[in-house]
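*Asks:* Sharing a structure with you now.
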Amino acid sequence: MTHTNFTIFHPSVFVLLGIPGLEAYHVWLSIPFCLMYITAVLGNSILIAVIITECNLHEPMYFFLSMLAITDILLSTTTVPKALAIFWLHAHDIAFDACVTQVFFVHMMFVGESAILLAMAFDRFVAICIPLHYKTMLTWPVVGRIAVAIVTRSFCIIFPVIFLLNRLPFCWTNVIPHSYCEHIGVARLACADITINIWYGFSVPIVMVILDVILIAVSYSLILRAVFRLPSQDARHKALSTCGSHLCVILMFYVPSFFTLLTHRFGHNIPRHVHILLANLYVVVPPMLNPIVYGVKTKQIQDGVVHRFFGIMAWCSASSLG
């Protein structure tokens, strides 16, 4: 009879490999990742600053947009700096608690961003379909409760993942073939039944996000029906332009996420490094593009950025002269 000995352990550290198969290109890959990360943080920070300082942007739509910008910063900051440390410094080790924390924030930001996009769709639905009730329906107390509900829902959905990971024993390896920790990737290293991890970690957040997508689709179908009933072509154009940037952001969030999800679930013939590269791009490209899209398509934000820029330039000139 053959006996197999297993050493059960709870690793103090995991080892992140980066992008397996592309180790020779880590330094080159780090350059666009770093530039995209800087652009994402800087662009979203400017967006938040403009929304806070410009009084004409103190509206529910821009409040939700600032929440989206904060979520984008947190999502990219949770993952990209560690990836850059792996690419540049070969800092592959990550503490178990830090890995679980990274899992929590990555998934919470994903679910949270989906809920924020739904809130923004609801805002546009009220503004266009029932504009006379906009001020009475979306009061600041209501907006505050929506914000609390978004954070609470995201936290409650993802928090059980911490316990699902902490309960697992590990006996094979602590090496993760990825540049950041994600739930199923860590769970697959365990020498125990991870059915509940797969069921909960894959199904519950995805079901919630699909529900958000359905509600967003319903909102925009009602919005489009209301827009095309407007008698004036100028009014239709104005209404569509106010929704254009939001639709672009929705597509940039959901299309890559579902593409990544489907290729990860069904694309077994796709090389692993392609999966991981797509996962890395997903956490940095939408956060980088979102403020650019809103800056290009929203005149109020353009005016706010210009006003802040010339204000800073005037202050610098006055300081140098003084």
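The values are calculated or read from the model by the stated rules, or taken from the named source; none is laboratory data. Here the structure is a predicted model, which means the values were calculated and not measured. No Cβ is skipped: glycine too gets one built from the backbone with ideal geometry, and neighbour counts run over all protein chains shown. Surface accessibility is based on the protein's heavy atoms, side chains included, excluding ligands, DNA and RNA. Shrake-Rupley method; radii C 1.70, N 1.55, O 1.52, S 1.80 Å.
*Asks:* Would you compute the Debye intensity of the range 75-162 from its alpha-carbon atoms alone, equal scatterers and no solvent, and pass along log10 I(q)/I(0) at q = 0.14, 0.21, 0.23 Å⁻¹ to two decimals?
*Replies:* Log10 I(q)/I(0), no solvent term: -0.64, -0.98, -1.08.
*Asks:* Something else: If you wrap a convex hull around the alpha carbons of the range 35-82, what volume per residue comes out, as a whole number of Å³? Intermediate results must be reported in sequence, preceding the final value.
*Replies:* Details: hull volume 2.6 nm³, N = 48.
Expressed per residue, the convex hull around the Cα atoms of the range 35-82 is 53 Å³.
*Asks:* Going from the alpha-carbon gyration tensor of the range 112-208, what semi-axes, largest first and in whole Å, does one get by taking the root of 5 times each eigenvalue? Spell out each step's value before the answer.
*Replies:* Working: eigenvalues 322, 28, 22 Å².
For the range 112-208, the semi-axes come out at 40, 12, 10 Å.
*Asks:* I've got another one for you. Hey, can you grab everything whose amide H is under 5 Å from the amide H of residue 176? Only 5+ residues off in sequence or another chain; H modelled, so Pro and N-termini drop out.
*Replies:* 15, 16, 17
*Asks:* If you count, for each residue, the other Cβ atoms within 10 Å and average over each peptide, how do 284-290, 273-279, 57-63, 208-214 line up from highest to lowest? Don't skip to the answer; put the middle values down first.
*Replies:* Values: 284-290: 22.9, 273-279: 17.9, 57-63: 19.4, 208-214: 16.3.
Result, highest mean Cβ count within 10 Å first: 284-290, 57-63, 273-279, 208-214.
*Asks:* Let me ask you something else. Taking the Cα centre of the range 128-247 as the origin and placing charges on Cβ (Lys, Arg +1; Asp, Glu -1), which of 128, 161, 186 is farthest toward the positive end of the dipole?
*Replies:* Checked the options; the winner is 128.
*Asks:* From the phi of every residue in the range 249-260, what ³J(HN,Hα) in whole Hz does the Karplus formula 6.51 cos²θ - 1.76 cosθ + 1.60 yield, where θ is phi - 60° and glycine or proline is x?
*Replies:* 5, 4, 5, 5, 7, 7, 4, x, 5, 6, 5, 4
*Asks:* Also, quick follow-up: With a 10 Å radius around each residue's Cβ, average the other Cβ atoms per peptide and rank 179-186, 32-39, highest first. Could you put the intermediate results ahead of the total?
*Replies:* Numbers: 179-186: 22.2, 32-39: 16.8.
Per-residue mean Cβ counts within 10 Å order the peptides as 179-186, 32-39.
*Asks:* Could you please put 72, 234 in sequence from largest to smallest accessible area, using a 1.4 Å probe?
*Replies:* 234, 72
*Asks:* Show me 169-175, 125-131 ranked by packing, highest mean number of other Cβ atoms within 10 Å first. Walk me through the numbers before you get to the answer.
*Replies:* Details: 169-175: 14.1, 125-131: 17.3.
Answer by packing, highest mean first, reads 125-131, 169-175.
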